[in-house]
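Peer 1: Provided herewith is a single structure, encoded as structure tokens, for subsequent inquiry.
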Protein chains: 2
Amino acid sequence: MTRDVGLGQGFPPRTIAIVGVSRSEHMYHPGYTGSRLFRILRESEFQGRIYPVNPKADVIDGVKAYPSVTSVPEPLDFVIIGVPAAAVPQVLEDCIAAGALNVQILSSGFGETGEAEGKRLEKRIREIALRGGLRVIGPNCMGFHIPSIRMKMFEEVELVQGPVAFLSQSGGHARIYLLHGPHRGIGFSKVISYGNALMMDATDFLEYLATDPETRIICMYLEGMKDGERFAKLVRQLNPTKPVVIWKGGLTYSGARAASSHTGSLAGDRQIWDAFFEQTGAIRVDSIEEMAEVTMALLRLKPSPGKRVAVLGAGGGDSVATGDICAEEGLEMPAISPQTRAGLLEFVSLVNQGVMNPLDIPMVFAELSTLQRTFELLAADPLIDIIILHMSAEFFPKIWGHRMAEFRECILNVTQKGGKPIVLAVTDESKTDEPETYVRELVGAGIPAYTTLRGACRALRRFADYHEFVAEGGT
Amino acid sequence: MTRDVGLGQGFPPRTIAIVGVSRSEHMYHPGYTGSRLFRILRESEFQGRIYPVNPKADVIDGVKAYPSVTSVPEPLDFVIIGVPAAAVPQVLEDCIAAGALNVQILSSGFGETGEAEGKRLEKRIREIALRGGLRVIGPNCMGFHIPSIRMKMFEEVELVQGPVAFLSQSGGHARIYLLHGPHRGIGFSKVISYGNALMMDATDFLEYLATDPETRIICMYLEGMKDGERFAKLVRQLNPTKPVVIWKGGLTYSGARAASSHTGSLAGDRQIWDAFFEQTGAIRVDSIEEMAEVTMALLRLKPSPGKRVAVLGAGGGDSVATGDICAEEGLEMPAISPQTRAGLLEFVSLVNQGVMNPLDIPMVFAELSTLQRTFELLAADPLIDIIILHMSAEFFPKIWGHRMAEFRECILNVTQKGGKPIVLAVTDESKTDEPETYVRELVGAGIPAYTTLRGACRALRRFADYHEFVAEGGT
């Protein structure tokens, strides 16, 4: 069984063969082919050696090509197979002969087609792999993205190193997270797209990540799961020290049908997954955006199970929406303490302002010193755990845009002294301004920031639930 | 009672007095004051006469000023009162003396403060208004936005005329809808911000809109409701011919507390409002964005209770998410009929494509003729009611950006022939591209388009629920 052999040996890879690289003149097909991965690895300056394999070519893109993996002159840590499905079994035999252990099958046309031929091929692959002790990743997958060795799976993603691992049955979702994550201050240790999970499943990769010193937070996109018990046990064990964030796709009838034709997965039962999340304390999300939102909180905020939020906001009808959104997303919005109220009334007039929670104090947007004083009072309030500053994107450039450094200092001053998190929600319901730019700027300056208040509240609730679960010893 | 007198007489206004307009040199305060509304109405070229009232000025901004509403030389359709709360009762007495009926109290400082003085003033206003038969709008409100007479309440909103009315207890939400709506093809008949609803409540305005020939769709943002039974009866009666879309704010504890300090409203009970929506068939939304999303569907799509959707999408993990989102939002995603499948297989190869639902046919993004043929087959499928084309914003400019006219023709060809709606969802989870621009372009070209798949599905479900309710005679 592959389970007896961890991913550890030969991983991360230093020597890679890519089987199925066309000669230069034909290599720029659309779709992800061996040729394309070869080019991507070369362009990203992969920190190791790459051997193109093609029996009909001597040189590809200026690199010496080999007729087979068996003819490559040094031991191979990793083989990427991009030949058509029917030709894959022979390449696997070659891998065994060459002593290569870790193999990615990039090609599709297997179990996910639902056709007898694809299933027959998968069966054969399994037999060969078990006989030769190969660790097969895929088929129908994009493989590895590992910034520390400049290995990537898509042209357009950045190599941003960090403590977040992502295991994904979907290459497309991996791409989305790799594009979106860096704008939320998220860097990656290892991203693994593993498609049909014929041999190596999430649990196998998780075992590796459990002891990977580079990985502190583990995110996953799952469609199927072959050994649920072993997986649940490992997640439960790992989650208190390395938070596990999971998007489980395909739990509706329509979603499950799509999953079966995407990775040939049986998507499983909603009740079973509900129980899984309850028992393991893993953080449940429903999109890559939500995954990034809670990961940002895990990366930036001091652990705390507190859910009592004070929102400093825009006033008017927005205050009502703020109250509703916080409550709907499971945060509490208590009245501030009498001391805090008294402290605020020393410098806040009640004419067209309000010190209820949400607080409506437009003055804070005019004077940084007023903002800081307000933050300090809220941070000292024993009834408050988290502070959210909610503002409209249309006012951001006018108010803080030109003095980001001071604004940042004001926030860091308070968070470092008080220890309570301050989170920004820069939103725009009118769709006239784009919060994304400002949120990136804030995140870049080290301030946790969200583009919707609902997203902020949702992430903070999940963050607090996680720390509550861990604090209670997972019961 | 004001209820005996509709809004009709003197509305829309042709003569307006604004009480509390400062002399020019002092008139540019922040905040919404009489001076600011005076300037806004002048700049928008209001199609009527405006009289500034100020006992200390002869001329304001080149316009003759009057010491009191009683000294204005012609009958007044409408008086806007912007003086401090304590001075409002005397102005109301003047309005009675001048024979003015419709009065907006812009000023705040009444019931919403929670203070005894504010409540006492409200009581006095009520007594005066009842005695003089005044129709009082507000206090603490922005009043009217009526494009047909070039009357507006905010500088930065456009005057876009159309069949949508909006009644809002929040001026801020009115502003958001006025900014956002036009980008979704939504023009307005009358927008009324009515704040504390001391005398005239939603029901009173609704009575006017019931017979307003300019209004075909009625949207509302409500915090409180004074005569629930009369309101429910009217909504139920009106909804089948003029769809009623309602955002009810403040149904959580925190939201209700905020509503009480925003407009002094008692926000009411969730169960009661659940029953209200069930009995009236009014369309329930939870934000201005959701309001605009369903209003666009009401404006653009042929009435139909059908919820069976075919999604032509991006494939891969996205197909799974698509299936899940459709199901979660209450749409059905049936397998397409054998005839449609056979028709598609005449020109669609199954290599890396799929004709399951969601359909994964990248070819349609390369060839407009393929797209049209696919649309035609789906439009003819008796198992399908709605077609959604789901694509990523990052590909939009490359694929359709340069041939919008042809793309538009392709879609209109199919919808006009088949009668089934085609809706676009141009989305971007990676946050690298901005769907908003493309969605505006599509909406401008007459194609219903959404920036999230969830938003599209949610709007289509509500649209279908509405037509189902109406078709079943509201039972």
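The values are calculated or read from the model by the stated rules, or taken from the named source; none is laboratory data. Given the structure is predicted, the values throughout are model-derived calculations rather than measurements. Here the Cβ is made from the backbone with ideal geometry for all residues, glycine too, and neighbour counts use every protein chain on show. Surface areas here come from the heavy atoms of the whole protein model, side chains and all, with no ligands, DNA or RNA. Shrake-Rupley method; radii C 1.70, N 1.55, O 1.52, S 1.80 Å.
Peer 1: Taking the DSSP beta bridges in the protein assembly as shown as the whole, what percent of them are antiparallel, to the nearest 5?
Peer 2: Antiparallel bridges: around 10 percent, rounded to the nearest 5.
Peer 1: Sort the following peptides by mean Cβ neighbour count (other Cβ atoms within 10 Å, averaged over residues), highest first: B:356-362, A:193-199.
Peer 2: Most protected by this proxy first, the peptides run A:193-199, B:356-362.
Peer 1: Cα centroid distance between region A:67-120 and region A:303-323, in Å?
Peer 2: Their Cα centres are 54 Å away from one another.
Peer 1: So with the 1.4 Å probe, I'd like the accessible area per residue for region A:338-475, rounded to whole Å².
Peer 2: 40 Å²
Peer 1: Taking θ as phi - 60°, what are the ³J(HN,Hα) couplings along region B:89-98 by the Karplus curve (6.51, -1.76, 1.60), each to the nearest whole Hz, with x for Gly and Pro?
Peer 2: Using θ = phi - 60°, the values come out as x, 5, 5, 5, 4, 4, 4, 4, 4, 7 Hz.
Peer 1: Out of all Cα-Cα pairs in chain B, roughly what percent, to the nearest whole number, are more than 36 Å apart?
Peer 2: 38 percent
Peer 1: I need the phi-derived Karplus couplings for region A:77-83: 6.51 cos²θ - 1.76 cosθ + 1.60, θ = phi - 60°, integer Hz, Gly and Pro marked x.
Peer 2: 6, 7, 10, 9, 9, x, 7
Peer 1: Which percent, to the nearest 5, of DSSP beta bridges fully inside chain B are antiparallel? Don't skip to the answer; put the middle values down first.
Peer 2: Numbers: 7 of 56 bridges.
Rounded to the nearest five, the antiparallel share is 10 percent.
Peer 1: If you don't mind, another one. Go ahead and estimate [θ] at 222 nm for the protein assembly as shown from helices alone: -39,500 (n - 2.57) per DSSP H run with n ≥ 4, summed, over the residue count, rounded to 500.
Peer 2: Value at 222 nm, helices only, nearest 500: -12000 deg cm²/dmol.
Peer 1: Roughly to the nearest percent, how much of the accessible area of region B:2-137 is carbon and sulfur, given a 1.4 Å probe?
Peer 2: With neighbouring chains kept in place, the figure for region B:2-137 is 50 percent.
Peer 1: Still on this structure: Can you tell me how region A:2-137 classifies by the Cα gyration tensor, rounded, prolate or oblate, using a/c under 1.5 as the rounded cut? Intermediate results must be reported in sequence, preceding the final value.
Peer 2: Values: a/c = 1.73, a/b = 1.23, b/c = 1.41.
Oblate, because a/c is 1.5 or more while a/b does not exceed b/c.
Peer 1: Could you size up the charge dipole of region B:2-137 around its Cα centre, putting +1 on the beta carbon of Lys and Arg and -1 on that of Asp and Glu, and report it in debye to the nearest 20?
Peer 2: Details: 16 positive and 15 negative charges, 29 e Å.
With only Lys, Arg, Asp and Glu charged at Cβ, the dipole is about 140 debye.
Peer 1: Further question on the same structure: How shielded is B:425-437 by partner chains, expressed as the average number of their Cβ atoms within 10 Å of its Cβ atoms?
Peer 2: Other-chain Cβ atoms within 10 Å of each residue's Cβ, averaged: 4.
Peer 1: Given Cα pairs under 8 Å that are at least 6 residues apart, what percent is the relative contact order of region A:143-300? Write out the running numbers ahead of the final one.
Peer 2: Working: 280 pairs, mean separation 35.7, N = 158.
Contact order relative to length: 23 percent.
Peer 1: Further question: With a 1.4 Å probe, how much accessible area is buried between chains B and A, both sides summed, in Å² to the nearest hundred?
Peer 2: Counting both chains, the buried surface is close to 3900 Å².
Peer 1: Can you tell me the orientation of helix B:270-280 relative to chain B, as the angle in degrees between its alpha-carbon axis and the longest Cα principal axis, to the nearest 10?
Peer 2: With both axes taken from Cα atoms, the answer is about 70 degrees.
Peer 1: So, one more: Between the DSSP loop rule and a limit of at most 12 other Cβ atoms within 10 Å, which GluC sites (Glu not before Pro) in region A:303-352 are left? Can you show the working numbers first?
Peer 2: On the way: sites: A:GLU328, A:GLU329, A:GLU332, A:GLU346; in loops: A:GLU329, A:GLU346.
Taking region A:303-352 and a limit of 12 other Cβ atoms within 10 Å, the loop GluC sites (Glu not before Pro) found are A:GLU346.
Peer 1: Select from region A:156-182 all residues whose loss of accessible area on going from the chain by itself to the full protein assembly reaches 20 Å² or more (probe 1.4 Å).
Peer 2: Buried by 20 Å² or more upon assembly, which counts only protein chains, are A:HIS173, A:ARG175, A:ILE176, A:LEU179, A:HIS180.
Peer 1: Find every distance from the label point of B:ILE272 to the corresponding label point in the other copies (7 Å from Cα along Cα→Cβ) and write them in nm, one decimal, shortest first.
Peer 2: Distances to the matching label points in the other copies: 4.7 nm.
Peer 1: With a 1.4 Å probe and all protein chains left in place, how much of the accessible area of region B:229-324 comes from carbon and sulfur atoms, in whole percent?
Peer 2: Carbon-and-sulfur percentage of accessible area, whole number: 51.
Peer 1: Moving on to the next point. Considering the convex hull of the alpha carbon atoms of region A:309-471, report its projected area averaged over all viewing directions, in nm², one decimal.
Peer 2: Directional mean of the projected Cα hull area for region A:309-471 stands at 9.2 nm².
Peer 1: Provide a list, ordered by number, of residues in region A:335-370 showing at least 30 Å² less accessible area with every protein chain present than when their chain is taken on its own, using a 1.4 Å probe.
Peer 2: SASA drop of 30 Å² or more in region A:335-370: A:MET356.
Peer 1: Determine the dipole magnitude for the protein assembly as shown: charges of +1 sit on the beta-carbon of Lys and Arg, -1 on that of Asp and Glu, nothing else is charged, the reference point is the Cα centre, and the result goes in debye to the nearest 20.
Peer 2: Dipole about the Cα centre, nearest 20: 40 debye.
Peer 1: Another question about this same structure. Highest mean first, how do B:378-384, A:366-372 rank when packing is the count of other Cβ atoms within 10 Å averaged over residues?
Peer 2: B:378-384, A:366-372
Peer 1: Same structure, new question: List the distances, in nm and shortest first, from the label point of B:THR211 to the matching label points in every other copy, placing each point 7 Å from Cα along the Cα-to-Cβ direction.
Peer 2: 8.3
Peer 1: Place the label 7 angstrom along Cα→C-beta at A:LYS302 and in each other copy, then list the distances from the first to the rest in nm, shortest first.
Peer 2: Sorted ascending, the copy-to-copy spacings read 6.3 nm.
Peer 1: Let me ask something additional. Roughly what angle does helix A:404-418 make with the longest principal axis of chain A, taking Cα atoms, 0 to 90 degrees, to the nearest 10?
Peer 2: 80 degrees
Peer 1: Another question, then. Within region B:157-196, what residues put their amide N at less than 17 Å from the label point 7 Å along the Cα-to-Cβ vector of B:GLU434?
Peer 2: Of the residues in region B:157-196, B:179-184 have backbone N under 17 Å from the label point off B:GLU434.
Peer 1: Once both axes come from the Cα atoms, what is the angle between helix A:116-132 and the longest principal axis of chain A, in degrees from 0 to 90, rounded to 10?
Peer 2: That helix lies at roughly 80 degrees to the long axis.
Peer 1: Using a probe radius of 1.4 Å on heavy atoms only, what accessible surface per residue do you get for region B:1-153? Whole Å² is fine.
Peer 2: 42 Å²
Peer 1: Consider the operator that turns chain B into chain A: which B residue has a Cβ nearest its axis, and what is that gap in Å?
Peer 2: B:GLU434, 3
Peer 1: Work out which residues of region A:310-327 lose at minimum 40 square angstrom of accessible surface when the other protein chains are put back, relative to the chain isolated, with a 1.4 angstrom probe, and list them by number.
Peer 2: Buried by the other chains: A:GLY317, A:VAL320, A:ASP324.
Peer 1: Need the list of lysines near A:LYS123 for cross-linking: C-alpha distance under 30 angstrom, and skip anything on the same chain fewer than eight residues off.
Peer 2: A:LYS56, A:LYS152, A:LYS190, A:LYS226, A:LYS233, A:LYS248
Peer 1: Hey, can you grab everything whose amide H is under 5 Å from the amide H of A:SER168? Only 5+ residues off in sequence or another chain; H modelled, so Pro and N-termini drop out.
Peer 2: A:ILE192, A:SER193, A:TYR194, A:TYR221
Peer 1: I would also like to ask the following. Using only the Cα atoms of region B:283-395, each taken as one equal point scatterer with no solvent, compute I(q) by the Debye sum, divide by I(0), and report log10 of the ratio at q = 0.19 Å⁻¹.
Peer 2: For region B:283-395 at q = 0.19 Å⁻¹, log10 I(q)/I(0) is -1.08.
Peer 1: Where the centroid of each part is defined by its Cα atoms, how far is region B:428-447 from region A:242-257 in Å?
Peer 2: What the calculation gives is 27 Å, centre to centre.
Peer 1: Using a 10 Å cut-off around each Cβ of peptide B:279-291, what is the average number of partner chain Cβ atoms that fall inside?
Peer 2: Mean number of neighbouring Cβ atoms from other chains: 2.
Peer 1: Using 7 Å Cα-to-Cβ label points, what is the A:GLU409/A:GLU346 separation (nm, one decimal)?
Peer 2: 2.2 nm
Peer 1: Please report, in cubic angstrom per residue, the volume enclosed by the convex hull of the alpha-carbon atoms of the protein assembly as shown.
Peer 2: Numbers: hull volume 162.9 nm³, N = 950.
Taking the convex hull of the Cα positions in the protein assembly as shown, it is 172 Å³ per residue.
Peer 1: Still on this model: For A:CYS410, what is the net charge nearby, where nearby means another residue's Cβ is under 11 Å from its Cβ and Lys, Arg count +1, Asp, Glu -1? Walk me through the numbers before you get to the answer.
Peer 2: Working: positive: A:ARG373, A:ARG403, A:ARG408; negative: A:GLU367, A:GLU376, A:GLU406, A:GLU409.
That works out to -1.
Peer 1: How many percent of the accessible area of region B:374-420 is carbon or sulfur, using a 1.4 Å probe? Provide the component values of the computation, followed by the final result.
Peer 2: On the way: 1110 of 1950 Å².
After summing per-atom areas, the C and S share lands at 57 percent.
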